[in-house]
Amino acid sequence: MPSEKTARVQERKRIRNRLVRNATRTQIRRAQESITSGESASTLEEVKKALSALDRAAHKGVIHRNNAARRKSRLMAKANTLSE
């Protein structure tokens, strides 16, 4: 009986994690596309949204905080090459 409850809880967590992970990936993809397009006005906005999504995912435990920090660092490095 406890294993049935565990299975239900794990399914709920899996669904939530997948939603958060997909939303985060989408934001990162939009930011990267904005960086490659070269539009500096929209790039800053998209990068901020992506950084926020990564922080949210790390806070919820969907991804590890070091993973979020690494992705944020790489995204900012790409964004900074645009401004130079």
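Per-residue extension of 0.36 nm, minus the Cα-Cα distance of Lys60 and Arg29, leaves a gain of 9.1 nm for this segment. Note on Arg74 and Gln10: with the Förster distance fixed at 30 Å, the Cβ-Cβ geometry gives a FRET efficiency of about 0.45.
Note on the chain: lysine pairs with Cα distance below 16 Å, sequence gap of 8 or more or different chains, count 6. Mind checking which of Leu44, Leu54, Leu19 has the largest fluctuation in a GNM of the chain, springs on alpha carbons under 10 Å? Result: Leu19 has the largest fluctuation of those listed. When the convex hull of its Cα atoms is viewed from all sides, the chain shows a mean projected area of 5.5 nm².
For the chain, what is the charge dipole size about the Cα centre, in debye to the nearest 20, if Lys and Arg each add +1 at the Cβ and Asp and Glu each add -1 at the Cβ? Can you show the working numbers first?
Details: 21 positive and 8 negative charges, 125 e Å.
Once rounded to the nearest 20, the dipole reads 600 debye.
Please build a GNM for the chain, connecting alpha carbons under 10 Å apart, and tell me which residue among Glu46, Glu33, Glu11 fluctuates the most. Maximum fluctuation in the GNM of the chain, among the listed residues, is at Glu11. Taking the Cβ-Cβ separation of Arg18 and Ser40 as r and a Förster radius of 25 Å, what is the calculated FRET efficiency to the nearest 0.05? E between Arg18 and Ser40, to the nearest 0.05, is 0.15. The relative contact order of the chain comes to 29 percent, based on Cα pairs under 8 Å that sit 6 or more residues apart.
Each reported figure results from applying straightforward, stated rules to the coordinates on display, with no laboratory input. Quick caveat: nothing in here was measured; it's all calculated off a predicted structure. Neighbour counts run over all protein chains shown; Cβ positions are idealised from the backbone, glycine included.
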